[in-house]
Amino acid sequence: MQEPEIFEQPVASKDVEAVPVGDDHHTYQTAYTYQTNNTAEDSSLDDYHDFVYPEDRKLGTWSTAFLIINRVIGAGIFSTPAEIIRLTDSVGATLLYWVLGGIMTFWLFVYLEYGTALPRSGGEKVYLERVYRRPRYLATCIFAVQFVLFAISTAGSISFSSYMILANEPENRTPDAWVIRGVAITALTGVCLIHAFTPRLGIWLSNGLGAFKLVLLSLVVFTGFAALAGRMEKPSPGNFKSFHGEGTVRDDKGNSPAGAAAGYALALLQVLYAYSGWENANYVLTEVRNAPTTLKRAAPIAISIVTVLYILANIAYFAAMTKKDMSESGVVVAAVFFQNVMGKTTFVTKALPVFVGMSALGNVFAQSFAMPRVKQELAKEGVLPFSRFWASDWPFNAPSGAIFLHWLVTTALILGSQIGSQSGSAASAVSQISTLYTFVTNVFIYTGNWIKLFLAVGLLYLNFTPSERWAEQRTTFRSSPLLTIFWIASLLFVLGAPFIKNNQLNAIPYWVVPTLGTSMLAIGVVYWLVWAKVLPLLGFHIQHEIVQMPDGSERVKYKRVKPKRKKRRSTGVAKRPSVW
């Protein structure tokens, strides 16, 4: 089979650029400038606008920090401690894992090196394209498949819905699964509409919910101090008398799941899940004011705050709850914690679920702001089917098309989730929230760890390959190679651990998540073969263009073009085909 032609060298785009309005603040026209070069031979996908965000729309240091905090702190810190203590059966080991998780989260310095050297929206997509240039387009296609299908807000939406219903349903009444789905979709729809039609309000609400999460976690911490001082409704659990604490956690059959390698490995995965989202700001760097400097300040501030609060919150839990109470509390750890300290008050049964639900909603706000920005970048480049539609920014200079794509995939998985239970109390229904959505979230995290592994190896390659000229491109910020090597070793452990036999998802075999997560790479390769190899066989070729933005930044765009037929000169030598 003849190898299809792919144009290797980028060309300057002929698209009309957005131009600044003549004022001293360099704001830009409210309407974007349309692409105008769609001709018979240029079957461009792009009818979107190129837009440079005005300075008053960009994120400062604290807005960027809250964007990270809001993404990291969701419902995880109020639910995952139950699973972690169940898997370790050790108070000391659990606390050490939360410290280790915070330390491992500082591998964000690798992302800081990438982000300060390549300060534009897109996150991993931009960095993969910088490192893995051959085979051309392969890294972009793999990332596109993984991100579009699994970078969604299913978990946060259902968590918000479940906690809201828990606060309003009688204790002995089981919430209907379709009610949970309906509230989740309604909340998601409201968040997406706010980001699409009132983007500035979306940023304010996201910042506000981020601040609220800090207040809520601080409340847990200070309540824990009260428990340590003996001000509790129940007797002290005595968890700090020994490294392992009092008692032993056992399942329904009387067996302890802790001690095996799989138990400790999966506990670490749960900790890392609770810390996930620290890369959120890298997705929207085009919308960050003075991106390299702001990112270097905001990311460490955000992660330091989260790490300290997470460790103190877990100390608070152990100050008021026995290991057995915590392991059996499921996703309502915080509710049981406050009940042990304050008693079964209206605050515990009604107000607290609302607070935790609002924390989950903040996570949805952060995801629905950042993730569609990456999907829009993929659409602008023509990588996705129907890219012209998903790249739309109508009507208020927000990625409305990509937000709709985010809403669409998230809603489909909410509707497909098995939510709720057929019998039992509202609390038991919340504790059984959708094995399917947990499964989908784990697949996304697992596949994302493959992407992070590629980036870590790629950074070592850039730093130790002079021909890449990475030292000239990056700023003064550089991550330590030792930290990058530690990151690689950690990721290899996280990728290998799920293959150890376990019963984390009772309804699904343990090997399904890592197998499917790894298979997503193969699906990306298949998509690349169709997009970059099969379509050229049908007469189209791929041309990547460099679009120069008015603020000096650049964007890559891929086009399928149909070259003119070659005309032979009188000498019999063929002319070079033109992409125009």
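The values are calculated or read from the model by the stated rules, or taken from the named source; none is laboratory data. In this text the structure is predicted, and so the values were computed from the model without any measurement. Cβ placement follows ideal geometry from the backbone for every residue including glycine, while neighbour counts extend to all protein chains displayed. Each accessible area value is taken on the protein alone, full model and side chains, heavy atoms only, with ligands, DNA and RNA left out. Shrake-Rupley method; radii C 1.70, N 1.55, O 1.52, S 1.80 Å.
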Once amide H atoms are placed 1.01 Å from N in the peptide plane, what residues at a sequence separation of 5 or more from residue 288, or on another chain, have their amide H within under 5 Å of its amide H?
59
Projected area, mean over directions - region 260-346, Cα convex hull, nm²:
8.5
For a test of the definition: using alpha carbon positions, the gyration tensor, and the 1.5 limit on a/c, classify region 467-533 as rounded, prolate or oblate.
oblate
Less than 12 Å Cβ to Cβ from residue 151, Lys/Arg counted +1 and Asp/Glu -1: what total charge do the surrounding residues give?
+2
Inter-site label distance for residue 178 and residue 461 at 7 Å from Cα along Cβ, in nm:
5.2
Given the convex hull of the Cα atoms of region 283-398, what is a quarter of its surface area in nm²?
11.1
What are the trypsin sites (Lys or Arg not before Pro) within region 144-219 that DSSP puts in a loop, where the Cβ has at most 15 other Cβ atoms within 10 Å?
173
Strictly over 18 Å apart at the Cα level, which of 213/452; 324/501; 234/323; 125/375; 58/296; 380/533 would you flag in this model?
213/452; 324/501; 380/533
Accessible area per residue of region 263-342 at 1.4 Å probe, in Å²?
26
Run a plain Debye calculation on region 89-244 (Cα atoms as equal point scatterers, no solvent) and give log10 I(q)/I(0) at q = 0.10, 0.18, 0.19, 0.21 Å⁻¹, rounded to two decimals, same order as the q list.
-0.71, -1.30, -1.31, -1.32
Mind putting a number on the dipole of region 138-233 about its Cα centre? Charges go on the C-beta only, +1 for Lys and Arg and -1 for Asp and Glu, and I need it in Debye to the nearest 20.
260
Between residue 222 and residue 519, what FRET efficiency follows from the Cβ-Cβ distance if R0 is 35 Å, with the result rounded to 0.05?
0.15
Region 305-373: D in µm²/s via Stokes-Einstein (Kirkwood Rh, Cα pairs, 25 °C, 0.890 mPa s)?
181
